[in-house]
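A.B. asks: If you scroll down you'll find the structure; I have some questions about it.
The values are calculated or read from the model by the stated rules, or taken from the named source; none is laboratory data. Source: prediction; values computed, not measured. Cβ sites come from the backbone with ideal geometry, for glycine too, and all protein chains shown count toward neighbours. Only protein heavy atoms, including side chains, enter the accessible area calculation; ligands, DNA and RNA are left aside. Shrake-Rupley method; radii C 1.70, N 1.55, O 1.52, S 1.80 Å.
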Amino acid sequence: MTRFIYDQFTKQYIQELLMQLGQTETSKTMASERREIDIFFTPHPENIGEASHLGLLGRLATTSAIFEPFSNAVKPREIRSCLVKLLDLIAELERQATREKRRLTPAQLPQLWILTPTASPAILADFGVTVDLENWMSGVYFLPKGLKSAIIVIHQLPPTPETLWLRILGKGKVQKQALQELYQLPADNPTRETTLELLYNLRAMLEARQNLAPEERELIMELSPLYLQRLQTVKQEGIQQGVQQGIQQGQRSLLESMLQVKFGAVDAELAEIIEGLIQVPPLEQAQLIWQLSREELLARFSGDL
């Protein structure tokens, strides 16, 4: 996934999930060197008790925080850049406190959370990280206390409901499993619906690109059944025939795009099997298109098997 698309999705994703808990600023510019912090979060004290539904992400948002997410394994220079931004921000906050003749306590200073899918043991060792398994879970690595920083290795987090909202920002199998868990949440879960809307937008942005990387193609396929399920849910609740026809057309268009992502184009033979694919449950549609060859799909849905 390109850095720009990932940035746009991640910033909006974290901002939306934390909106009810406090104030978020994305791309916050530091006056000194024009450095930009990805996400700066300030909690509303009265809402801290409501953070539990976000699990680990909610716990990170109980204090002032900087979130710096990375789509690929974080590099040493990127960690150093994050630290510089944190220290610049702390210096700026301390200067402001001095002007206002008040004193900041360590608890009032922001905590830096670097989010990365993976991180090599060598890099973690070079930055002197430690773990605190009595109070935190595996995958959370703290830099020396005075730096108020930590690296969260998403692929090392335990696959529990508490980590779901961070594992969605992972890659490959980790993200795929998180998407399946997201899909299985109750339909009336507000965080589920917010996340799905953002994922639909992500899928649209990826689909509009050319020369997709294999992992981008796979992510489109993984997100497609979630979108199809949404269409089917609306269809079941729809009353007017015109609404149902529109939904069926949406299903057809989505399946056409999935076939195009896999095979490059939808010719007459592939177009003929779309009606059969529509009858398959949404979660199976993407799996069949992604796993089967062109010949196997044609044979299965042309009645030759």
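A.B. asks: What distance in nm separates the two pseudo spin-label positions at GLU92 and ARG300, each 7 Å out from Cα along the beta-carbon direction?
C.D. replies: Taking the simple label geometry, GLU92 and ARG300 are separated by 5.3 nm.
A.B. asks: Counting only heavy atoms of the protein chains, get the accessible area per residue of segment 46-164 (1.4 Å probe) and round it to a whole Å² value.
C.D. replies: Heavy-atom accessible area per residue stands at 50 Å².
A.B. asks: What FRET efficiency, computed as 1/(1 + (r/R0)^6) with R0 = 45 Å and r the Cβ-Cβ distance, is obtained for ARG217 and GLU134, rounded to the nearest 0.05?
C.D. replies: It comes to 0.60.
A.B. asks: For segment 98-212, with all protein chains present and a 1.4 Å probe, just round the carbon and sulfur fraction of the accessible area to a whole percent.
C.D. replies: 54
A.B. asks: Quick query: amide H of ILE39 versus all other amide H atoms, modeled in the peptide plane; which residues come in under 5 Å with a sequence gap of 5 or more or a different chain?
C.D. replies: Placed amide hydrogens put SER27, PHE67 under 5 Å from ILE39.
A.B. asks: Taking R0 as 51 Å, what FRET efficiency do you get between GLU275 and GLN156 from their Cβ-Cβ distance, rounded to the nearest 0.05?
C.D. replies: The calculated FRET efficiency here is 0.70.
A.B. asks: Output ³J(HN,Hα) for segment 46-63: one whole-Hz value per residue in order, computed from phi by the Karplus curve 6.51 cos²θ - 1.76 cosθ + 1.60 with θ = phi - 60°, and x for Gly and Pro.
C.D. replies: So the Karplus estimates, Gly and Pro as x, are 6, 9, 4, x, 8, 7, 5, 5, 9, x, 4, 4, x, 5, 5, 9, 7, 9 Hz.
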